[in-house]
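Before any comments, here is the structure.
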Amino acid sequence: MTEKHKILHVISDIATPHNNVLMAALQKSGKCSLYLYYSTKTTQMYSWGEEVFRAIGQPIEIGKTGIYWPLILHAVTHPHEYYLFIGWPNNTARVLLLIFWILWRPFLFWSDFPNEDPCSYPLHINAIRSFLYHVVKTRAKRIFLVGMHTVEHFKRLGYPASKLTNLPIFINIDKTKIYFADKYHTIRNKYNVQNEEILFVSGSRLTQAKGYKDLTEAVYIVKKQANQSFKVVIVGKGEQEEELRVQITDLDLLDTIIIEPWMAPEDFEALIACTDVYIHPARFDAFGGGTLHAMALGIPVIGSDGAGVVKERVRHEWNGFVFPSANPDKLAEYMVWCLQNKESLVSMGQKARITAEEWPPEKGANIICCSLS
């Protein structure tokens, strides 16, 4: 008897390059028909526009605050179709979760590490969040979580371990740094990187949790210890940007550290491909995409053990270095090693690429498809 074709509805806030990679792999798998719903087409937070929204399938914009009744009606009248909620990004998703809870209907749920600071939300929002987490705990058939950091956190909160699955961020791994070879000299000249200099790159939101003040302090230490000159490019925006700029000025690092605003995804990839070492300095990061791109492009990583992707993918002294989070001295030590052992970075980067090849997006698609039964 032929297995009935599966239909999967995915409800998310906004299309992102990372999630699009996974959605494309799902669509290509042929194991389900995919329908995508987003709160909004784009946001000013990131540099990309509607092209990311339109990249996969024929997505529908359903809004944040209104309720998209056609999807509610369809869900109620088609009980054998599957739903994957990426958080509860809009009122339509919240209403559906309530309906599924009332009807004892299972669903799939995917979450990053949650913000559980009660001071972050008004009382009524905290009450709604508590109820929705209860819905997820009691009704979700499978709870996908970004990184083992998040899996362990949900276990501590009392979620059944049998429901929890690590579903990390996925990226396309079809490019190596050779793809960007024609940009190498242009990019390095832009940042005035001389022939023998090492270029370090990092990128994320500029917040305290991401550890960029630690990176700046580490650069200051390296400058005092090493004889070689080098450059550091930090890509991102955030509430700590002005504080970082002041720190960089006070430590007399304006000739070494350059802060760039968000870039288009391919421009960021090109920058990483033309660097020597990628740095992931986060004090805490549930996972982290920049490290994935670096490893896929064959670039070694210096990352903190506070970042989920570093703990899960970086093997110390094999494809990169792992340092204790919030420890600028250790970060500086590994940066100095890179300056003194530039010839070893190519081999280390090749091993990073081998690790990346173990995690193609098809692996993520298969994890989701295995739950559609």
Tell me which aspartates and glutamates have Cα within less than 12 Å of Lys237's Cα, excluding those fewer than 8 residues away on the same chain?
Glu260
Listed residue pairs exceeding 24 Å between alpha carbons, taken from Lys177/Lys231; Lys64/Lys163; Lys183/Lys342; Lys64/Lys210; Lys231/Lys342; Lys183/Lys330:
Lys64/Lys163; Lys64/Lys210; Lys183/Lys330
Compute the distance in nm between two label points, each set 7 Å from the Cα along the Cα-to-Cβ direction, one at Arg54 and one at Thr40.
1.9
Loop sites only, by DSSP: take the trypsin sites (Lys or Arg not before Pro) in the chain that have at most 15 other C-beta atoms within 10 Å and name the longest stretch containing none of them.
65-314
Non-local amide H neighbours of Leu167 (under 5 Å, H modeled in plane, Pro and chain starts lacking H): which ones?
Leu145, Val146, Gly147
CD proxy, 222 nm, the chain: helix-only mean residue ellipticity via -39,500 (n - 2.57) per DSSP H run with n ≥ 4, per residue, nearest 500, stands at -12500 deg cm²/dmol
Which whole-number percent is the relative contact order of region 271-325 (Cα, under 8 Å, 6+ apart)?
35
Give the shape of region 177-357 as rounded, prolate or oblate, defined through the alpha-carbon gyration tensor: a ≥ b ≥ c are the square roots of its eigenvalues, a/c under 1.5 means rounded, and otherwise the shape is prolate if a/b is larger than b/c and oblate if not.
rounded
Per GNM of the chain with C-alpha springs under 10 angstrom, the most fluctuating residue out of Ile354, Ile234, Ile86 is Ile354
7 Å from Cα along Cα→Cβ at both Ile178 and Ser120: what's the point-to-point distance in nm?
4.3
Given R₀ = 25 Å, FRET efficiency for Asp252-Ser347 by Cβ-Cβ distance, to 0.05?
0.15
A correct Karplus calculation of ³J(HN,Hα) over region 140-154, with 6.51 cos²θ - 1.76 cosθ + 1.60, θ = phi - 60°, whole Hz and x for Gly and Pro, returns 4, 6, 9, 10, 8, 9, 7, x, 5, 3, 6, 4, 5, 5, 5
Residue (of Val246, Leu157, Ile258) at the positive-pole extreme of region 115-271, dipole from beta-carbon charges:
Leu157
For Cα extents along the principal axes in Å, the choices are (1) 69, 48, 36; (2) 76, 46, 33; (3) 54, 53, 39; which was calculated from the structure?
(1)
Prolate/oblate/rounded label for region 324-373 (Cα gyration tensor, a/c 1.5)
oblate
With 0.36 nm assigned to each residue of separation and the Cα-Cα distance removed, Asn189 to His78 gains 34.2 nm
Of Lys137/Lys351; Lys190/Lys224; Lys41/Lys351, which sit over 32 Å apart, Cα to Cα?
Lys137/Lys351; Lys41/Lys351
Classified through the alpha carbon gyration tensor (a ≥ b ≥ c as square roots of its eigenvalues; rounded if a/c is under 1.5, else prolate when a/b is larger than b/c, else oblate), region 1-107 comes out oblate
Under the Karplus relation 6.51 cos²θ - 1.76 cosθ + 1.60, θ = phi - 60°, what is the ordered set of whole-Hz ³J(HN,Hα) values for region 166-178, x standing for Gly and Pro?
6, 10, x, 6, 10, 9, 5, 10, 7, 10, 10, 5, 4
Cross-link partners among lysines for Lys31, C-alpha distance below 20 Å, same-chain residues fewer than 8 apart left out?
Lys4, Lys6, Lys141, Lys363
Residues with amide H under 5 Å of Gly238's amide H, sequence separation 5 or more or different chain, H placed in the peptide plane at 1.01 Å from N; which?
Leu206
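Coordinate-derived values only; no laboratory data. None of the values given here were measured: they were computed from a predicted structure. Cβ sites come from the backbone with ideal geometry, for glycine too, and all protein chains shown count toward neighbours.
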